[in-house]
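The values are calculated or read from the model by the stated rules, or taken from the named source; none is laboratory data. As the structure is a prediction and not an experimental result, all values here were calculated from the model. Quick reminder, even Gly has a Cβ in these numbers, built from the backbone with ideal geometry, and neighbours come from all protein chains shown.
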Amino acid sequence: MIFVIIRGPAGVGKSTIAKAIAKKLGALYISFDEILSKHNLDIIEGDGISAENFVRGNELALDIINQLNSKVIILDGCFYRDKQLSHLIENFPGKHIIFTLKASLEECVNRNKERGSSMPEDAIGDVFKLVSRKDYGTIINTSGKTINQVTEEILSHLPLKKAK
């Protein structure tokens with residue numbers, strides 16, 4: 001089993017890219033944000049969502065993964081807490097590969113405005129700061145690139161064969 005973790009700030013293109021990769025590979029796609037929202041774990045307190053809520057979200061994601069039989073799992077989210085990423089790496093079975101997507105704050109704000117359910121601009125800035133504190137894994141700059149270009153760049157780093 002291989003876990004591909006796509007992380008980055010809001011508006012950088014995580015979900016769009018993760019879904020495209022999952023489709024190309026025939027992989028299971030899991031939206032961490034959807035898990036948090038569905039279980040009321042996306043409560044902002046102090047400097048964001050608590051590490052405990054993120055870890056609880058990890059446990060819920062693991063429950064989903066254990067119920068389904070997939071060799072490749074694509075998981076996307078902001079993942080800005082060290083404790084959450086450590087928990088993911090320690091508890092999810094199989095190999096993990098982390099990609100951090102980057103773009104300027106201005107580009108993230110503009111992309112956020114273009115999508116259906118946009119977040120307030122100040123929230124985009126707050127998440128941008130939290131995610132930008134630390135880089136993990138392979139860094140992929142999404143600025144000025146198409147979805148296909150970013151998807152192919154990530155796929156080029158994966159030790160997998162593409163689904164035909």
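Data overview
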quantity	calculated
The stretch 63-112, residues that are among the charged types (D, E, K, R) and assigned to a loop (DSSP other than H, G, I, E, B)	Lys71, Arg81
Leu75 under 27 Å from Ser50 (Cα atoms) and touching a Gly at 6+ places or on another chain (Cβ under 7 Å)	no
Test: residue in the stretch 97-118 that is touching a Pro at 6+ places or on another chain (Cβ under 6 Å) and surrounded by 15 or more Cβ atoms within 10 Å (Cβ to Cβ)	yes
Boolean, Gly13 is under 17 Å from Val131 (Cβ atoms) and free of Cβ contacts under 8 Å to residues at least 12 places away in the same chain	no
Test: residue in the stretch 71-80 that is of a type outside the set (Gly, Ala, Ser), farther than 22 Å from Phe99 by Cα and touching a residue at least 12 places away in the same chain (Cβ under 8 Å)	no
Every residue from the stretch 36-48 that is outside any loop (DSSP other than H, G, I, E, B) and either modelled with pLDDT of 95 or more or over 15 Å from the mean Cα position of the chain (by Cα) (or both)	Lys38, Ile44
Inter-residue pairs, beta-carbon under 8 Å, first part of a loop (DSSP other than H, G, I, E, B) and in the stretch 119-142, second exposed (fewer than 14 other Cβ atoms within 10 Å of the Cβ) and at pLDDT below 95, 6+ apart	Lys134/Asp82
Of all residues in the stretch 35-70 being under 20 Å from Asp126 (Cβ atoms) and among the charged types (D, E, K, R), the one that is surrounded by the fewest Cβ atoms within 10 Å (Cβ to Cβ)	Glu45
Single condition Asp42 does not satisfy, out of (1) at positive phi; (2) of a type outside the set (Val, Ile, Thr); (3) touching a helix residue (DSSP H, G or I) at 6+ places or on another chain (Cβ under 7 Å)	(1)
Filter result (out of contact with any Phe, Trp or Tyr (no Cβ under 8 Å at 6 or more places or on another chain) and in a helix (DSSP H, G or I)) within the stretch 1-20	Lys14, Ser15, Thr16, Ile17, Ala20
